[in-house]
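The next block holds one structure in the form of structure tokens; read it before the comments.
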Amino acid sequence: MSRATHVERSRVAWVDTDAGGRIHFTAAFRWAEAAETALCRSLGLLDEWRDFPRRAVEAEYLEVLRFEDEIEVALHAENVGDTSVTYAWEIRRGGEICIRGRHTVVHVDHEGRPAPVPAAMRKGLEDN
């Protein structure tokens with residue numbers, strides 16, 4: 001089981017909210033993607049990371065987040081398959097889980113077909 005993890009701290013920005021000042025549902029996916037990028041950067045894997053489009057995304061919204069709330073996004077590589085990586089994540093405010101989600105990315109070749117996860121990426125995500 002993979003355990004490469006990253007925690008990203010931020011605030012809910014105005015652009016992340018709807019007219020009522022609550023987050024727009026898509027903000028959670030942007031925050032998770034930013035944490036995924038930061039994780040790959042910290043492991044020196046940004047060159048390998050580029051050819052991984054999303055295959056599946058899901059989120060469960062447990063608590064309301066509002067403009068200016070301080071948040072942290074805790075993301076880890078839950079599974080590294082032959083051609084895909086599944087990341088699981090939680091978005092917390094003050095230690096309280098507000099959103100729980102997961103997304104799966106698939107490594108593709110130059111023609112857009114599934115291809116094996118690069119060895120450097122597999123090692124980085126599995127050995128941490």
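Does A119 satisfy the condition of being open to solvent by less than 90 Å² (accessible area, probe 1.4 Å), at pLDDT below 95 and either aliphatic (A, V, I, L, M) or within 18 Å of A34 (Cα to Cα) (or both)? Judged against the criteria, A119 is a match.
Taking every residue in the range 92-110 that is farther than 11 Å from L65 by Cβ and touching a residue at least 12 places away in the same chain (Cβ under 8 Å) and pairing it with any residue that is among the basic types (K, R) and surrounded by fewer than 19 Cβ atoms within 10 Å (Cβ to Cβ), at least 6 positions away or on another chain, the pairs with Cβ-Cβ distances below 9 Å are H103/R54; H103/R55; T104/R54; T104/R55; V105/R54; V105/R55; V106/R54; V106/R55.
Table: residues versus (1) among the basic types (K, R); (2) closer than 13 Å to W89 by Cβ; (3) at pLDDT 95 or above; (4) in contact with an Asp or Glu (Cβ under 7 Å, 6 or more places away or on another chain).
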position	(1), (2), (3), (4)
M1	no, no, no, no
R9	yes, no, yes, yes
D16	no, no, yes, no
A19	no, no, no, no
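Among the residues of the range 76-102, write down those that are closer than 18 Å to L45 by Cα and open to solvent by less than 60 Å² (accessible area, probe 1.4 Å). Answer for the range 76-102, where residues must be closer than 18 Å to L45 by Cα and open to solvent by less than 60 Å² (accessible area, probe 1.4 Å): H76, A77, E78, V80, G81, T83, S84, V85, T86, Y87. Within the range 35-53, the set of residues being touching a strand residue (DSSP E or B) at 6+ places or on another chain (Cβ under 8 Å) and either among the aromatic types (F, W, Y) or loosely packed, with under 12 Cβ neighbours inside 10 Å (or both) comprises F52, P53. Being under 19 Å from H107 (Cα atoms), buried (at least 16 other Cβ atoms within 10 Å of the Cβ) and either of a type in the set (S, T, N, Q) or within 13 Å of the chain's Cα centre (by Cα) (or both) holds for only one residue in A28, A32, and it is A32. Out of everything in the range 72-95 that is closer than 25 Å to T17 by Cα and more than 14 Å from the chain's Cα centre (by Cα), what residue ends up being modelled with the lowest pLDDT? Looking at the filtered set, the residue picked out is G95.
The values are calculated or read from the model by the stated rules, or taken from the named source; none is laboratory data. Bear in mind that the values here come from a model prediction, so they are computed numbers and not experimental data. Here the Cβ is made from the backbone with ideal geometry for all residues, glycine too, and neighbour counts use every protein chain on show. Just so you know, the surface numbers come from the protein's heavy atoms only, side chains and all, with ligands and any DNA or RNA stripped out. Shrake-Rupley method; radii C 1.70, N 1.55, O 1.52, S 1.80 Å.
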